[in-house]
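The values are calculated or read from the model by the stated rules, or taken from the named source; none is laboratory data. Small disclaimer: the values here were computed from a predicted structure and weren't measured. Please note: Cβ atoms are built from the backbone with ideal geometry, for glycine as well, and neighbour counts cover all protein chains shown.
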Amino acid sequence: MRSCAGGRKTAPALDEEWRHLRVPFIELLGAQVDEAGEGYSTLSLLVEERHTNPNGVMHGGVAAAVMDSAAAVALGRLRGERIRRDNPHATVEMNVSLISAARPGDELVVEGRVLKLGRSVAFCESEARRRADNELIAKGRFTFAIRS
C-alpha cells in the first residue's frame with residue numbers, strides 16, 4: 001500500500017500483465033481486485049442486500065468465496081501469469097472462520113497471502129475486515145493443488 005495526501009493508504013496500480021485480470025464469479029458477487037503483488041492481493045466488496053442470509057447479515061459463502069479468490073490471486077501473482085496459465089492451481093481445501101457480522105453498506109477489504117509455495121501444493125491465508133473500523137470479519141486458510 002502507498003500513502004497519499006492525508007496519510008490515507010492507496011493500492012498501487014496493477015501492472016499491465018495483471019490489468020486484464022478477471023475473476024468472473026467474483027465479478028458476479030460484486031467484488032473487485034484492487035491490488036495484486038507477488039504473494040499478496042487485496043480485493044474489496046461492498047456488502048449489499050443480495051449478499052445476506054435470512055438474518056440480514058452477509059452469508060458465510062460470500063466471505064469464503066471472496067477470501068478464496070484473494071488467496072488464489074496472490075498465489076497466481078507469485079507464480080507468474082504464464083506459469084499459472086500453463087500449470088493452473090485449484091483450491092482443494094479451505095477453512096473459514098466467520099468471526100463478526102457484516103451488513104449491507106459495509107465495505108470489506110479482503111487480503112490474501114501465500115504462506116508456502118511448493119511444486120505441487122501451496123498454502124495461503126486470507127482475512128476479511130470491515131474498512132470503516134478494521135474489525136476482523138473472517139479469517140481463512142486455503143490449500144491449492146498445482147498441476148504439473
Are any of the residues in the range 96-117 in contact (Cβ under 8 Å) with a residue 24 or more places away in the chain, surrounded by fewer than 20 Cβ atoms within 10 Å (Cβ to Cβ), touching a helix residue (DSSP H, G or I) at 6+ places or on another chain (Cβ under 6 Å) and under 16 Å from residue 23 (Cβ atoms)?
-> no
Considering only the range 58-95, state which residues are surrounded by fewer than 18 Cβ atoms within 10 Å (Cβ to Cβ), at pLDDT 95 or above and either within 17 Å of residue 138 (Cα to Cα) or not β-branched (Val, Ile, Thr) (or both).
-> 59, 60, 61, 90, 93, 94, 95
Given the conditions (1) crowded, with 21+ Cβ neighbours inside 10 Å; (2) among the small types (Gly, Ala, Ser); (3) under 18 Å from residue 25 (Cα atoms); (4) touching a Leu at 6+ places or on another chain (Cβ under 9 Å), every one holds for residue 122 apart from (3)
Could you please let me know if residue 12 is outside any helix (DSSP H, G or I), surrounded by fewer than 17 Cβ atoms within 10 Å (Cβ to Cβ) and at pLDDT 95 or above?
-> no
Meets criteria (in a helix (DSSP H, G or I), without any contact (Cβ under 8 Å) to a residue 40 or more places away in the chain and of a type in the set (A, V, I, L, M, F, W, C)) for residue 83 | yes
Residue that is nearest to residue 66 (Cα to Cα), among those in the range 104-132 that are acidic (Asp, Glu) and over 10 Å from the mean Cα position of the chain (by Cα) = 107
